[in-house]
Every structure is written in structure tokens, then in C-alpha cells.
Amino acid sequence: MVASLTPILAASGGTVARTIVAVVAAAVLLKVGMAVLGGFARPVPGLPDPGELRKVRLLYQCTICGTEVRMTTANDEVPEPPRHCMEDMALVTPVDDL
Ligand SMILES: [Zn+2]
């Protein structure tokens with residue numbers, strides 16, 4: 001692709017033409033880059049109804065024995081913590097991940 005463009009660039013010669021080519025190329029690259037980035041960004045789905053299961057990524061740790069549990073599905077954004085050693089487990093998910 002680059003090889004096929006080279007004769008065109010060489011033939012265009014003039015500074016104005018080269019500038020236009022550069023601007024167009026930059027615009028195309030920017031558009032493609034934004035499209036690629038947009039592909040990574042999933043639209044935030046609307047909040048599910050209360051009680052409806054949703055994906056969560058919460059890490060809980062037992063305050064007594066240290067056991068850690070990851071919750072992946074819950075019926076609330078901040079569900080009741082699970083229990084271990086007869087006690088509620090502590091939420092240890094970093095705030096950034098919530
Ligand atoms: Zn425990």
C-alpha cells in the first residue's frame with residue numbers, strides 16, 4: 001500500500017498538493033484511530049431494574065480467615081456481602097473498579 005502511494009506522492013510535487021495529501025492522510029488516520037478506540041468503548045447499558053441480575057466485579061475478603069471471594073453476578077450494584085466464618089465479608093474491591 002505504501003509502495004503504491006509513493007509514485008503518486010512523488011508526482012504530486014507541489015507543496016500545496018503534499019499538504020492536502022498530508023491533511024487527508026491525517027484525517028483518515030484520525031478517523032480510523034477513533035473508530036478503533038470506539039470499538040473498545042462499549043456503550044454503558046442502562047441500569048437494570050432492581051432485582052434483575054447484573055454483571056459486577058466485586059472482591060470480598062473474610063475478615064477472620066482472609067479467604068477472598070469474587071462476585072461476578074449480583075442483583076444489585078452494591079449487593080449484600082457474602083458470609084464466611086459466620087461473619088459478613090469485607091468488600092476489598094478498589095474503588096476504581098466499581
Ligand atoms: Zn473466613
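All of the numbers you see were taken from the coordinates with simple rules; none came from a lab. All of these numbers come straight from a predicted model, not from anything done at the bench. FYI the Cβ positions are ideal-geometry reconstructions off the backbone, even for glycines, and counts take in every protein chain you see.
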**Fill in**
Interchain or sequence-distant (5+) residues whose placed amide H lies within less than 5 Å of the amide H of residue 76 are 54
**Prompt:** What list of ³J(HN,Hα) couplings, whole Hz, do you get for region 33-39 from phi and the Karplus terms 6.51, -1.76, 1.60, once you set θ to phi - 60° and write x for glycine and proline?
**Reply:** x, 5, 5, 5, 5, x, x
**Ranked packing of 80-92, 17-29, most packed first, by mean Cβ within 10 Å** = 80-92, 17-29
